[in-house]
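The values are calculated or read from the model by the stated rules, or taken from the named source; none is laboratory data. As the structure is a computational prediction, the values presented were derived from the model and not from experiment. Reconstructed Cβ throughout: ideal geometry from the backbone, glycine too, with neighbour counts over all protein chains shown.
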Amino acid sequence: MSEKPVKVGLIGAGVNTKLRHIPGFRAISGVELVGVVNRSPESGQRVALECGIPKVYPSWQAVIEDPQVDAVCIGTWPDMHCEITCAALNAGKHVLVEARMARNATEAHQMMAASLAHPGLVAQIVPSPFGLVQDPFFKSIEAHAFLGKLREVVVIGADDTYWDYTKFLHWRLDAKISGLNVLTLGILHETVSRWIPATTRVFAQTTCFEPQRPLANSQGLVDVTVPDSVQILTQIDGGARGIYHFSGVALYGPGKQIHLYGSRGTLKYIVTPTEELLYTGRPRDTELKRVEIPESQRGSWRVEAEFIAAVRGQDKIHYTDFATGVRYMEFTEAVARSAALNLPVDLPLKNF
């Protein structure tokens, strides 16, 4: 039996869209990429030629107005996510939107409201790619209480990505585009949130060690409007405590890591330039042991397949639905509010 055809329009075609989404959709029987729009007509034409996409749209509005389009994949910068997502859902299109969900909790809740107003449409956020392979194994051993009672959580995302202040301002350091999220805070918090109970309070401090940078195609320096360093203390449902350290200016910093410390054992997840490593430790071990996850317990990147299966009514969204996105957007907003007020902020947020 042939699969229900699904026609997808691409709004924004950056690195992740070309690297993951286009090949992912192409691998699914019955899925057709009908057209693309990018930041300029010229870049749209280049993507169409490079990827064999038949149509270039003049605007993102033209994509969602096209009656041939069943679903849209939104790969723009975060400043456009809310507007395009809400318009697409109101036009009757299924939506797959690139992470992060939006610039702030207000926009995330607007997107959530639009999704709830159209329950027959699929709304998915591209998930954090970190830990997808390890996730089924994590959940299987936690089902057997490997950690015991969770005591402490450590989340680290500290490297030298923005250490060189002579480089042009990156869009992730521009709050108008990027919003309140800092560095890889949102993506790693989303990852650890799959493995721990909900965060109930944050107390944060942030700073910007390199407050000005050059802007491409411009003279002089401009202000950096997103911190390049953040430290957070958290409280977690059930009593555990968390420590987060994020930096883009830590020369030879430790990179991306997640540590879970429990009453019976320890789990450490470490991202290297070439692979993701998982270590476990129990009281009788002499050192942490690297885990080779059995093939039967390995997850994988299935974002496009999961989205299309949900559109076809064959499955639900596992990574990442809008409700999950709202929670991590509230977390990043709580961090920003706490740092600005120098006060702890409770979650979930009571106003946004």
(message) Condition check: of a type in the set (Gly, Ala, Ser) and closer than 30 Å to Arg39 by Cα. Does Ala175 satisfy that?
(response) yes
(message) Please verify whether Ala323 is in contact (Cβ under 8 Å) with a residue 40 or more places away in the chain, in a loop (DSSP other than H, G, I, E, B) and not hydroxyl-bearing (Ser, Thr, Tyr), treating the condition exactly as stated.
(response) no
(request) Collect the residues in the stretch 150-205 that are under 20 Å from Leu349 (Cβ atoms), in a loop (DSSP other than H, G, I, E, B) and in contact with a Pro (Cβ under 6 Å, 6 or more places away or on another chain), keeping them in residue-number order. (result) Gly179, Val182
(message) Yes or no: the stretch 133-150 includes at least one residue that is surrounded by fewer than 23 Cβ atoms within 10 Å (Cβ to Cβ), touching a strand residue (DSSP E or B) at 6+ places or on another chain (Cβ under 7 Å) and on the phi > 0 side of the Ramachandran plot.
(response) yes
(request) From the list Leu288, Leu221, Leu233, pick out the single residue that is modelled with pLDDT of 95 or more, surrounded by fewer than 17 Cβ atoms within 10 Å (Cβ to Cβ) and farther than 22 Å from Glu190 by Cα. (result) Leu288
(request) Hey, could you check the stretch 94-137 for residues that are among the polar types (S, T, N, Q) and either within 15 Å of the chain's Cα centre (by Cα) or assigned to a helix (DSSP H, G or I) (or both) and say which is nearest to Asn351 (Cα to Cα)? (result) Thr106
(request) Kindly indicate whether any position in the stretch 166-188 is surrounded by fewer than 22 Cβ atoms within 10 Å (Cβ to Cβ), over 30 Å from Thr85 (Cα atoms) and in contact with an Asp or Glu (Cβ under 6 Å, 6 or more places away or on another chain). (result) no
(message) out of contact with any His (no Cβ under 7 Å at 6 or more places or on another chain), buried (at least 21 other Cβ atoms within 10 Å of the Cβ) and touching a residue at least 24 places away in the same chain (Cβ under 8 Å): which single residue out of Glu333, Glu304 fits that description?
(response) Glu333
(message) Suppose we filter the stretch 52-70 for residues that are buried (at least 24 other Cβ atoms within 10 Å of the Cβ) and either in contact with a Leu (Cβ under 7 Å, 6 or more places away or on another chain) or at pLDDT below 95 (or both); how many remain?
(response) 0
(message) What's the number of the only condition in (1) closer than 19 Å to Val95 by Cα; (2) without any contact (Cβ under 8 Å) to a residue 40 or more places away in the chain that Pro58 fails to meet?
(response) (1)
(request) Select from the stretch 6-47 the residues that are more than 26 Å from the chain's Cα centre (by Cα) and at pLDDT below 95 and list them in ascending order. (result) Pro41, Glu42, Gln45, Arg46
(message) If Asn217 meets every condition in (1) out of contact with any helix residue (DSSP H, G or I) (no Cβ under 6 Å at 6 or more places or on another chain); (2) polar (S, T, N, Q); (3) touching a residue at least 40 places away in the same chain (Cβ under 8 Å) apart from one, which number is that one?
(response) (3)
(message) Being over 25 Å from Trp301 (Cβ atoms) and in a helix (DSSP H, G or I) is the requirement here; does Ile141 meet it?
(response) no
(request) Could you name every one of the helices (runs of 4 or more DSSP H) located completely within the stretch 1-93 that has at least 3 residues being hydrophobic (A, V, I, L, M, F, W, C)? (result) 41-51, 60-65, 81-90
